[in-house]
Amino acid sequence: MSEYKFSEDQEKEIASILAKYPFKTSALLPLLTLVQRADQVVSPEAMVAIGKRLDVSPAYVQSVLSFYTMYHTEKVGKYMILFCINISCQLNGSDKLLEHTAKKLNIKVGETTFDEKFTLHREECLAACTEAPMMRVNDTYYGDLTEQRIDQIIDSLD
Amino acid sequence: MSEVTLTIDGISVTVPKGTKVADAAKQVDIDIPVFCYHEKIGPLGCCRMCLVEVEKMPKLMTACTMDVAPDMVVKTTTEKVEKAQKGVLEFTLLNHPLDCPVCDKGGECPLQDNTFKFGPPDTRMEFHRANNVKAAPLSPVITIDRERCIACQRCTAYSERIEQGQGLVMLNRGFNNEVNTFNNEPYDTRYSGNVIDICPVGALTNTDFRFKARTWDLSNHDTLCAHCGVNCNITVGTRLNQLMRIEARPNDAVDDGWICDKGRWGHNFMESQNRITAARENSVGSTKPTSFPNFPIDAPTEHAAEKVVEAFKKIVDEHGPDSVGFIGSAYATNEESYLYQKMFRLLGTNNIDHKTYQDTPGLPIDHYDIEQIESSNIVLLIASDPTEELPILDLRIKKAVSNCETRLLCLNDQDTALDKYAHLKVKYKIGSEASAVDALAEGLARELGEAIEFSSTLDQTGISADEMKSLVEAVRSSMKVCVVYNPAALSGNAGLRVKRLLQVISKIPTVECGAIPVAPATNAVGAMDMGLVPDFYPGGVSVKDTEQVQSLWGENAPTKAGLSALEMIAKAKSGELKALLVYRSNPAVDFPGGAQVVEALKNLDLLVVHDMLETETTQLAKIVLPSNGPGFDEGTTTNIGGRVQTRRKSLDTDHIADWKLINVMLKTLGDETGYPRAAKVLDEISMKVPGYQEIDSRGVGKLGLNREKVSCEESSIGNASMDSSDKLRLRIANYLFAHDKILDASSKLAHHFKASIAFLNEKDASSMNVGDGDAVRILGNGMEINAEVKVDSRCKPGGVVVPKISDEQGVNGLQNLDGSPAWVSIEKV
Amino acid sequence: MTQILFKDINKEGLHTMKVYEELGGYQSLKKAFAQKPDEIVAAVKASGLRGRGGAGFPTGLKWSFLAKDVFPRYLCCNADESEPGTCKDRELLLKNPHLLIEGMILCSYACQIETGYIYMRGEFHDLSFIMDKALEEARAKGYLGKNIMGTGFNLDIHTHLGAGAYICGEESALLNSLEGGRGEPRMKPPFPAVEGLYSKPTVINNVETLCVVPYIVNEGAEKYASLGTEKSKGTKLVSVSGHVKKPGNYEIEMGTPTSELIYNLAGGIRNDNKLKAFIPGGSSVPMLPADKVDTPYDYESLAAAGTMLGSGALIVIDDSVNIVETTLRLISFYMHESCGKCTPCREGTRWLYQIVERIMQNKGQLDYIEKLEDICGNMSFKTFCPLADACVAPVVSSIKHFRSDYEEYFKNVGVSS
């Protein structure tokens, strides 16, 4: 296993993250997020490096990471589409729209497109129920979805 | 601690405050079923099996998480409780395969038992059970059946709270959660096997035991582990006189319920190809006149033993009693050591020893047992590395630090794994332990206004004045100190200096204190107690104390101090020592001096080795006698905490027991005592050995008995001095899984074997221009060994730490024959 | 209707210090600092404010439970908003971050806290930037930092992002997560007020709860208490979603009839369909049939109707839906979000899912309904945290009120769906 190196900018950010907490293990989720936003994935090497930085075992890091759904240990597409299918969205037709989206991307739900541009996941409630049906593409929320709107959104992403 | 009285199922029970309801129920034999709760690990509240009804509480409560409260009324058999128990068991069994007929846990499975007692008669589950992985290796010695796992988290909690290594964790969440390691790496800590014992189902099994036997077909033998000085209690399961498995047998005073992996799997030596099964005569030293009367090759062992004694007598007659000697073993039982010292003292010599370091029996202060660590608020660890030397002591110290507010102070020449639990860590230069220990004693004495007859030289140690001041202050201001020191890792007379330090500590009026000497060998304390030393009879009776010696041991008992083991080797070399009996010891590899030891042993007229496995030393012996050793032998050992416990045999053998063989030798010498049973030897020990008066086989029982404190003679020691050199001081460290005669190539633990490593300080490494991974030769005492460099700050500059990783490595040979701290140089290959 | 939290919610630039202060923001600080901390706690107690996150525990009482004389203490704002149907906190965070900061300063002053964290669900990554910016503005203004407004009171507040776990909205799981652990709930006792974050006394309050505090300090407890009903004081944000024409977050006075929310504020049922059912307080509370639509929206009335106010998420379901479908989706959610620690929850949620799925495949047995109810009984109140109970709620209530929807599937047993 090769050694994971944080970039200079990341080091700066790590320092400011650590400054927030009296105990450094609190920085675990923020550091995992930091790594994932840079690499789109959290590699075993990164887990070792984060563990070392925070004085916890790599197994502990993996244990925590695997508890949360937002971390990926396998590479995902440039655009991560999280499609809400929970109750308010379901009532507003999300199942069909999700199917439509999958067809549009020519993948199954849970898969990544061949060009590694899109990954499509079913997602539980994202707290935008009054805009149901909705989806989150990377950090952006898109509500009041229709088939046309989905097509437009996907086509507008490059 | 205050007591609380509550009622469980109408029965009143009084327990200490803070007790969990589940444990309180046990006191009155009320069975509250549990899976996840383990009293040593603490509450988890996962499995929900222990739901009980508590008056005034609307919900059912988990008995394992709930502290008792005054006047609490608990009911464990109401309809509501029974419904809940059935419900929880139904959930638990929902995805658990019913493969009990082929499960190794069958017959001793809490899930089976709880289902039998509390469960529903059938399941309403009609869907396919979850298809989790069957029988995957979690390590080379542990198998995990994921489909049997009920996710109770006992094992992961053990890893987190007891081992404190976070090696085994829960991955994922919800229904997908699983017990696993980082990146599927093996879970192979020093104490990993305990998860097998605590798994309440057959999910974690002993790979070595899988499908070997049904648990109910095993004969279980309650005995002791014979590896290190903790003497953990174990149960050996055998079938048809074959060892099947080893499990922990909880004894709070000793092991707290845990054993290390070496204890669990390091038993292959019992069936090793290398065992010595018959007495034999080697054709060694043919150019020298042998004093030994030949014996027929197929003679019984007893016959050979008689001949050995005759030969020794003859040599004593010709050259005087000082011409013979005995090197015993810190691995032998008390009975064996006792009888052997008796035999050699009957021969008229005190040339008796078992070690290569200086030490005296007894302590000037209380000898604490292991449990006292938890009630001490300071543990001062000197020159000891429990993680590698006495793993279960390591667990106890960690427990004390994390649960009992004990503060750990480390005074050592190297970094150890326990350092991270230390409140204060003070590191001295390799070889400067005498000065470091003296400086602490002096500092404390000054604080006390005590007159001191020595002055320490702190500047030799590399310890700063401030560091020493904090160390002094931490000890002085504590309420109860337990000094844990390893005499075997202290060079020169530093061990005696520790005893002087203990005396100083005992003078602090506000401090209660005791010590635990932690030489790593199985029965190091027992060997000292049994008088396997040249200047003390058993029980710390000095040879100089003529009156007591003669009253205990007769008019003719020798009262001249004998030779130490290293002196015997030196005299063998010079020809003054003619005959040597070596019992379960391998000086050729384990003593300092290396080739010189071999030369010296070859120079003897008669070398007799009594051992269980072939060693480099047996190859040099004229006569080899077979020893049964652990598994087959019986007797008592005294652990580091002064607890005398019984090692019982687990396997039968046709070979004569060691104590019987020594008895034969004693008889040949004219000793008419005769011991029909091993227990009779113990009876004599209790009569003759101060400190052992209360010890008898009944008292020792299953869980052992602490012997009384063995008193310690004050010795006068001057100021420490240190020579200097531009070479590096060598520190030989211990490695638990060293590849030696006990853990041979066929060992189940062979995956732990390591390559030779030299830990160099950054400073020395850069001046020598070597870096991580460089291959080097280490030269000293005219010998050389190979190693790979690891650069860190394990020791201070001017030293090198080399763990002893195998017999073949030969690291002890780098030391001088006199055992003084070795200077070595390093050459890049 | 009195608007406290949403008074200026759509004002341009409300999220900036400038606009917020122009509208009277941060005025409460001076008032608060002139009082003793205990007086603020007393005022919050007197206001009758109850936790808006779901449990409805009296806020002032919670504050007063902090272990005496143990410091440091921490404040954790629960901004993990994850309860299906709920999106009110998101609107507050997005549009009015300073209101939350002001509320947190007041709470911290009252409880002698010097460090606060805003635990936001990981998906609120963008919102955390808005919040960070607002915090920066507050620091620049001297509302946060050392010796705030010359009072000697110190406080800093930081944002902290989760990473996708519903259970972290449970306060003790939130603490574990904030400490860098798996979001598994903790044993209680000890309660967070005694041993919370880093084993120190900790106040955990929902975003909306903390946002109410400036009003109480500014206008007085009495004024707040005069709103709402006898036992459910003040106003409440309700997220109305599902089959309504105008889904949205609405601030109502406690006790407003639910029908008012559905038919007036949210514009009635879409396509003018008929109301079939509604879930008044987020997916974790029992659903009610249409005939309960006039139930006043407050803690007591909803409890009397057999459900709970929960997090204030009103999910409206029209008669085009078979309730079993909705129920299965909710079970699936809880199965996905169960932390897996307690056996009844880990195994039970999945078993319920398997049974209801089987029913929907027209493969159900007639005794399945009875079995479902029994399994629910074995799950509820048998676990560490209320997630198992939350999963049970839709199952039990759907069977209770819409048994015929299940029976629909049994009619077709053997016919593949």
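The values are calculated or read from the model by the stated rules, or taken from the named source; none is laboratory data. Since the model is a prediction, treat every value here as computed from it, not as a measurement. Here Cβ is always computed from backbone atoms with ideal geometry, including for glycine, and neighbour counts include all displayed protein chains.
Annotations
- Here C:S28, C:S47, C:S64 are screened, and the one residue that is closer than 24 Å to C:A313 by Cβ and more than 14 Å from chain A (Cβ to nearest Cβ) is C:S47.
- Pick from the range B:610-623, criterion in a strand (DSSP E or B) and at pLDDT 95 or above, ranking: surrounded by the fewest Cβ atoms within 10 Å (Cβ to Cβ): B:L613
- So C:N218, is it in contact (Cβ under 8 Å) with a residue 12 or more places away in the chain, out of contact with any Gly (no Cβ under 6 Å at 6 or more places or on another chain) and more than 25 Å from B:M66 (Cβ to Cβ): yes
- Taking the listed residues B:V81, B:V88, B:V73, the one that is within 12 Å of another protein chain (Cβ to nearest Cβ), among the aliphatic types (A, V, I, L, M) and surrounded by fewer than 21 Cβ atoms within 10 Å (Cβ to Cβ) is B:V81, with no other qualifying.
- Which listed residue is in contact with an Asp or Glu (Cβ under 8 Å, 6 or more places away or on another chain) and within 20 Å of B:G325 (Cα to Cα), from B:A600, B:A565, B:A572, B:A621: B:A565
- Only one of the numbered conditions (1) away from chain A (no Cβ under 13 Å); (2) assigned to a loop (DSSP other than H, G, I, E, B) is not met by B:T205, and that is (2).
- Filtered residues of the range B:227-244 (kept if under 23 Å from B:P391 (Cα atoms) and assigned to a loop (DSSP other than H, G, I, E, B)): B:H227, B:G229, B:V230, B:N231, B:C232
- Some residue of the range B:165-186 being away from chain A (no Cβ under 14 Å), crowded, with 24+ Cβ neighbours inside 10 Å and either in a helix (DSSP H, G or I) or touching a helix residue (DSSP H, G or I) at 6+ places or on another chain (Cβ under 7 Å) (or both): no
- Some residue of the range B:432-449 being among the β-branched types (V, I, T) and in contact with a Cys (Cβ under 6 Å, 6 or more places away or on another chain): no
- Screening C:P185 against (1) under 30 Å from C:F384 (Cα atoms); (2) over 18 Å from the mean Cα position of the chain (by Cα); (3) more than 8 Å from chain A (Cβ to nearest Cβ); (4) surrounded by fewer than 24 Cβ atoms within 10 Å (Cβ to Cβ) leaves a single unmet condition, (2).
- Residues that are in contact (Cβ under 8 Å) with a residue 60 or more places away in the chain and either facing another protein chain (nearest Cβ under 7 Å) or closer than 17 Å to A:V61 by Cα (or both), drawn from the range C:160-172: C:G162, C:A165, C:Y166
- Residue within the range C:362-373 that is among the small types (G, A, S) and either within 27 Å of C:G85 (Cβ to Cβ) or surrounded by fewer than 21 Cβ atoms within 10 Å (Cβ to Cβ) (or both) present: no
- Looking only at residues of the range C:23-41 that are assigned to a helix (DSSP H, G or I) and among the basic types (K, R), we find that the one that is surrounded by the most Cβ atoms within 10 Å (Cβ to Cβ) is C:K31.
- Filter result for A:T140 (out of contact with any helix residue (DSSP H, G or I) (no Cβ under 6 Å at 6 or more places or on another chain), under 20 Å from C:L94 (Cβ atoms) and buried (at least 24 other Cβ atoms within 10 Å of the Cβ)): no
- Filtered residue count, the range B:317-332, keeping only those that are buried (at least 19 other Cβ atoms within 10 Å of the Cβ) and either part of a helix (DSSP H, G or I) or of a type outside the set (F, W, Y) (or both): 10
- Restricting the range B:16-44 to residues that are within 9 Å of chain C (Cβ to nearest Cβ) and more than 19 Å from B:E90 (Cβ to Cβ), the residue that is surrounded by the fewest Cβ atoms within 10 Å (Cβ to Cβ) is B:P43.
- Of the helices (runs of 4 or more DSSP H) lying entirely inside the range B:661-777, those carrying at least 3 residues that are assigned by TED's automatic domain parsing to the domain that holds B:G593 are B:678-688, B:697-700.
- Applying the set (1) under 42 Å from the mean Cα position of the chain (by Cα); (2) more than 13 Å from chain C (Cβ to nearest Cβ); (3) not hydroxyl-bearing (S, T, Y) to B:K56 leaves exactly one unmet item: (1).
Listed here are the residues, each with its yes/no results for (1) out of contact with any Lys or Arg (no Cβ under 7 Å at 6 or more places or on another chain); (2) among the β-branched types (V, I, T); (3) within 29 Å of C:T326 (Cβ to Cβ); (4) not in a loop (DSSP other than H, G, I, E, B).
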{"site": "A:V61", "(1), (2), (3), (4)": "yes, yes, no, yes"}
{"site": "A:T69", "(1), (2), (3), (4)": "yes, yes, yes, no"}
{"site": "A:V76", "(1), (2), (3), (4)": "yes, yes, no, no"}
{"site": "A:K96", "(1), (2), (3), (4)": "yes, no, yes, yes"}
{"site": "A:T101", "(1), (2), (3), (4)": "yes, yes, yes, yes"}
{"site": "A:K108", "(1), (2), (3), (4)": "yes, no, yes, no"}
{"site": "A:D115", "(1), (2), (3), (4)": "yes, no, no, no"}
{"site": "A:T119", "(1), (2), (3), (4)": "yes, yes, yes, yes"}
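- Subset of the range A:41-58 (residues that are buried (at least 19 other Cβ atoms within 10 Å of the Cβ) and either away from chain C (no Cβ under 12 Å) or under 29 Å from A:K96 (Cα atoms) (or both)): A:A46, A:M47, A:V48, A:A49, A:S57, A:P58
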